[in-house]
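Each value in this text was obtained by applying a stated rule to the coordinates, not by laboratory testing. Model, not experiment: these values are computed from the prediction. Positions of Cβ are generated from backbone atoms using ideal geometry, with glycine treated the same way; all protein chains shown enter the neighbour counts.
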Amino acid sequence: MQISSQEIIFLIGLTSLIFLIAPLFLIIYVVSYNRKKKKHQEEKLLLQKTFENELLKTQIEVQEQTLKTIAYDLHDNIGQLLSITTITLSSIDLDNKDKTAEKLAFVEDLTTRSIKEVKALSRLLHGEELVNRGLAAAIEFELEWLQRSDKFKINFDKRNFNTFNADSGKETILFRLFQEIINNIIQHAKATEIFITLEQIENLFKLTIRDNGKGFDVEETLKRKNGMGLHNITKRAAMINGTTSINSVAGSGSEIIVTIPY
Amino acid sequence: MMFITINTGCEFICFLAALIFLIKDKDTAWKLFIPYLLLTCLVEMTGVYMRKVAHVPNYALYNTFLLFECGVTGYMFYSLYKPFKSTGKWLITWYIIFVAVYVAELVMTHFKAFVSITATVMSVVFVLASLYYYYLKLMDENFERLAFSAPFWWVSGALFFYFGSTTCNIFFDYLSSLKPINNQLSIRYYIFILLNITLYSFWSYAFLCRYLRRKSSS
């Protein structure tokens, strides 16, 4: 069968047309993929913004916590010391020289203690710098403060922890998680002993906080709206790609483990 | 009047667009389109003159023009790849291959015909180059509004033209041997009118995008 030249011309025309349609579809594909890329970028930006907002909130909370500690310390510690100083000074009888010398020595001691307290407070005021010194140092400092109350026996273990080279945002959120968990223990657990462990296992960072308090029903607490801030802890850990494990048995204390990759 | 055809008209409009929009452009590759499109217009008109007035074959003219086409288009692709990766060696390799095929075909045809095999090879390479640009664009994490992206529209125009002309280039010898339709124009001519309209519309729009971008960033 012989093909006429007109048929060949028709075929050439048809092939050329197909060869023109193919790039058209290719361009449509590239444009639609580009739109998806835009959508993905917008979602990423929104996620980043949410993270930044949460980070800002966390930083404010760390500051608030510091201010609360300062308020308590001013009232319970420095306030008391200065009150005793005033009372002692007003009770001085200049005619009784022996007693006066004794009282002045006591006032001097009280003043020295007040200065020490103010210095400690000043260190605490640099709350934000605290996290910059490193997570372990910040936790240690916070625990040191907690130990002064003599309400808890603190066990801090950081044997398997070297340096945590996360970005400062991640460290701030982690430090706030630690603060929130400790606050929960202080407010609800009625514990006498707290165990804190900082570990690095392969590419994971693990923070374990355990207490010997009264414990609580985890499922029941999580069902509640505020849930002792446990939802917040889980949400914030998830924001830095971490996971939270909450274990507790009534009467046998509780344990919260925060694990994040780094 | 015989010099004003759809093809020459398209080319001239595109040249004017290049002249207006690219005259102050800082990129050499883009600016190169002003002399290149002027040359295209001149070649096209000389081609018409040779065919219709002097009645002499114009293949030698188009063979020479092919060198400029390959040079400018190749350099443009190289320039478009620059933000993604350095392809200087690829460009040189391509120029060497092109010259080798071109000279070989000229010798084979005893300098007496259009170098259609070279044109086909060049079309295929530029189609691949266009597709590779799309690939780089898809892989790129940065988002760019393609509706106003000069490189994207330039590449799209080139892809349409070189992909669409492949069939004509392959069947060049056969089409040349046929008698023209209506005793005037061949099917090849009609296809190239369609391709030229597409190419020069896309390129003119690309030049406009380039101009708008320069204006908005200054």
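Counting Cβ atoms of other protein chains within 10 Å of each residue's Cβ and taking the mean over peptide B:158-165 gives 5.
Helix B:88-108 and the longest principal axis of the Cα set of chain B meet at an angle near 0°.
Based on the reciprocal of the average 1/r between different C-alpha atoms, the Kirkwood radius for segment A:53-125 equals 14.2 Å. For segment A:196-207, backbone phi angles converted through the Karplus equation (6.51, -1.76, 1.60; θ = phi - 60°) give residue-by-residue couplings of 10, 10, 10, 9, 10, 10, 6, 9, 10, 10, 10, 10 Hz, Gly and Pro being listed as x. Here the residues B:Trp153, B:Trp90, ranked from fewest to most Cβ neighbours within 10 Å of their Cβ, fall in the order B:Trp90, B:Trp153.
Relative contact order of chain A, taken over Cα pairs closer than 8 Å and 6 or more residues apart, is 14 percent.
Charge dipole of segment A:1-111 (Cα centre as origin; +1 on each Lys and Arg Cβ, -1 on each Asp and Glu Cβ, all else neutral): 1260 debye, rounded to the nearest 20. Using only alpha-carbon positions in segment B:97-218, the gyration tensor eigenvalues give semi-axes of 33, 19, 12 Å once each is multiplied by 5 and square-rooted (largest first). Consider all pairwise Cα distances in segment A:3-88 and report the whole-number % of them above 16 Å. That tail contains 78 percent of the Cα-Cα pairs. Inter-chain neighbour count for A:32-43: the average number of beta-carbon atoms from partner chains within 10 Å of each residue's beta-carbon is 3. As a proxy for reagent exposure, A:Asp73, A:Asp211 were ordered by neighbouring Cβ count within 10 angstrom, fewest first; the result is A:Asp73, A:Asp211. Ordered by the number of other Cβ atoms lying within 10 Å of each residue's own Cβ, fewest first, A:Thr259, A:Thr192 fall into the sequence A:Thr192, A:Thr259. Over all other residues within a Cβ to Cβ distance under 15 Å of A:Asp109, the charged ones net out to 0, with Lys and Arg as +1 and Asp and Glu as -1.
Counting every Cα pair in chain B, what percent are over 31 Å apart?
For chain B, the share of Cα pairs beyond 31 Å comes to 21 percent.
Note on chain A: with charges restricted to the Cβ of Lys and Arg (+1) and Asp and Glu (-1), its dipole about the Cα centre is near 880 debye.
Straight-line reach from B:Lys52: which aspartates and glutamates have Cα under 14 Å away, leaving out those fewer than 8 places along the same chain? The qualifying aspartates and glutamates are B:Glu44. Note: relative contact order over segment B:61-212, using C-alpha pairs below 8 Å and six or more positions apart, is 24 percent.
Under the criterion of Cα pairs below 8 Å and six or more residues apart, the relative contact order for segment A:1-118 equals 19 percent. Computed from the C-beta positions of A:Ser83 and A:Glu43 and an R0 of 56 Å, the FRET efficiency is 0.45 to the nearest 0.05. Compute the long axis of helix A:5-73 from its Cα atoms, compare it with the longest principal axis of the Cα atoms of chain A, and write down the angle in degrees, 0 to 90, nearest 10. It is inclined by approximately 0 degrees. Per-residue ellipticity at 222 nm, computed for chain B from helices alone with -39500 (n - 2.57) per DSSP H run of at least four residues, works out to -25500 deg cm²/dmol. With 20 Å as the limit on Cα-Cα distance, the pairs of A:Lys37/B:Lys137; B:Lys82/B:Lys137; A:Lys103/A:Lys151; A:Lys57/A:Lys116; A:Lys36/B:Lys85 that go past it are A:Lys103/A:Lys151; A:Lys57/A:Lys116; A:Lys36/B:Lys85. The dipole here belongs to segment B:61-212: it is taken about the Cα centre, uses +1 on the Cβ of Lys and Arg and -1 on the Cβ of Asp and Glu, and is about 100 debye. Computed from backbone phi, the HN-Hα couplings of segment A:212-224 come to 9, x, 7, x, 7, 7, 4, 4, 4, 5, 5, 6, 5 Hz, rounded to whole numbers (Karplus: 6.51 cos²θ - 1.76 cosθ + 1.60, θ = phi - 60°; Gly and Pro given as x). Please give the helix A:79-90 orientation as an angle from the longest Cα principal axis of chain A, in degrees from 0 to 90, rounded to the nearest 10. Relative to chain A, helix A:79-90 is tipped by roughly 20 degrees. Residue by residue along A:8-21, Cβ atoms of other protein chains within 10 Å of the local Cβ number 6 on average. What's the local net charge at B:Leu32, with K and R +1, D and E -1, over the other residues with C-beta under 13 Å away? Taking every other residue near B:Leu32 into account, the sum is 0. Work from the charge dipole of segment A:53-125 (Cβ charges, +1 for Lys and Arg, -1 for Asp and Glu, about the Cα centre) and give the residue of A:Gln59, A:Ile92, A:Leu110 farthest towards its positive end. My answer, from the dipole projection, is A:Gln59. Using only alpha carbons, the protein assembly as shown has a radius of gyration to Kirkwood radius ratio (Rg to Rh) of 1.33.
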